[in-house]
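Taking it in order: structure first as structure tokens, then the write-up.
The values are calculated or read from the model by the stated rules, or taken from the named source; none is laboratory data. Source: prediction; values computed, not measured. Every residue, glycine as well, gets a Cβ built from its backbone with ideal geometry; the counts of neighbours run over all protein chains shown. Heavy atoms of the whole protein, side chains included, go into the accessibility calculation; ligands, DNA and RNA do not. Shrake-Rupley method; radii C 1.70, N 1.55, O 1.52, S 1.80 Å.
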Amino acid sequence: MASVYLLFLSLLSLYGTAVLAEKNSVEGFPPFCGNYECPKYQVVKRYNTFELRSYESTLWVTTQLDTDVFGLGIMKSFKRLFNYISGQNTEGISIKMTVPVRSTVPLFNPTINATMSFFMPTIIVNPPAPKDPSLHLESYGPTSYYVRSFSGYALKSDYEKESKALSEELNALGLAYDANFGIAAGYNDPLTFFNRHNEVWFRSLN
């Protein structure tokens, strides 16, 4: 899981103006979403260092998360998604950028590909199909996640530590979760210097 995060900042810097979170937040969304729409949720329970969130149904556009030593693959994955919302879809429409940029990584099965996804704005009920065959649309019903949030410029070691801490806390409390996949949610680009927000998620099985 940790390998996904090493170059999160560098890939976001390619399109920093698209994901730049302003000081003012969009009404009805958490402040850390900035001026961008993000998935709606309710906090079911707050623990000392994490919370259980119940998310509404969501739509995502997803592609394989390409990884390599230099991180060029991750940047290519991001660019494919960005091209889709920039008009490279069957309807030729531009779609507003949202947050977070989400990466889902299999933790134990090397035969399953990691993925990167953009959240689809709720105004788009039927998203246009991607022209790029390496992209696909995903629909999720209401889902609950255990979420641990942290601030600062997060690098590989930070995500490793936070993911490990969350899994250890869930295990210690006897809370059931899907340990097969780890999820990273990035909300800021490198030009956001203050009030940065990062998250790691595990899907709740309770």
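Some notes on this structure:
- Under a model in which nothing but the beta-carbon of Lys, Arg (+1) and Asp, Glu (-1) is charged, region 26-176 shows a dipole of about 60 debye around its Cα centre.
- LYS164 accessible area, assembled protein chains, probe 1.4 Å, Å²: 120 Å²
- Under 5 Å between amide hydrogens, built in the peptide plane, is the criterion, and for ASP66 it picks out SER77 among residues at least 5 positions away or on other chains.
- Average accessible area per residue (Å²) across region 144-192 - probe 1.4 Å, nucleic acids and ligands excluded: 43 Å²
- Coarse-grained scattering of region 94-138 at q = 0.13, 0.31 Å⁻¹, given as base-10 log I(q)/I(0) from a Debye sum over alpha-carbon atoms: -0.38, -1.26
- Taking 7 Å steps out from each Cα toward its Cβ at TYR47 and ASN83 produces label points 4.1 nm apart.
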